[in-house]
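Novice: The structure follows.
Quick note: the coordinates plus some simple rules give every number you see, no bench work behind them. Everything quoted here is computed from the prediction, not taken from an experiment. Neighbour counts are summed over all protein chains in view; Cβ atoms, including those assigned to glycine, are modelled from backbone coordinates with ideal geometry.
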């Protein structure tokens, strides 16, 4: 029986290569919604937003928390270029929980001095980190 096709994935930030390997499938938060990529996908370039990328390889799943960036897809290659990316073992869960709480406090205040977009982005990054690390306790309902 022939081996199922794989697609090469490289996840890159300005600082370093976060992940490189042949995978079975990728699911991630594209700007227009969740996108799934399989080997032999049609060429594509899309903007990515803050969230969690799920990578399937040999029936195992890995999650990577990402910030905004873009993804270039070729039939045999995915290049995911983002500002930040963290694998579960790189995430400080307690720090992410504190960041989430601070962002929630800012979002719940109705002060004009609050930079809502910045607070919302901080909240989304913290939630993505917690999800990628396997912690799904998010409570703010504004997003």
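Novice: Only residues that are touching a strand residue (DSSP E or B) at 6+ places or on another chain (Cβ under 7 Å) and farther than 20 Å from residue 131 by Cα: list them for segment 45-80, please.
Specialist: 45, 46, 47, 70, 71, 72, 73, 76, 77, 78, 79
Novice: Give the residues of segment 4-22 that are under 21 Å from residue 84 (Cβ atoms), assigned to a strand (DSSP E or B) and in contact (Cβ under 8 Å) with a residue 40 or more places away in the chain, sorted by residue number. Before the answer, list the steps.
Specialist: Here is the first cut: in segment 4-22, the ones under 21 Å from residue 84 (Cβ atoms) are 9-21.
Right, trim to assigned to a strand (DSSP E or B) and you get 9-12, 17-21.
Result: 9, 10, 11, 12, 18, 19.
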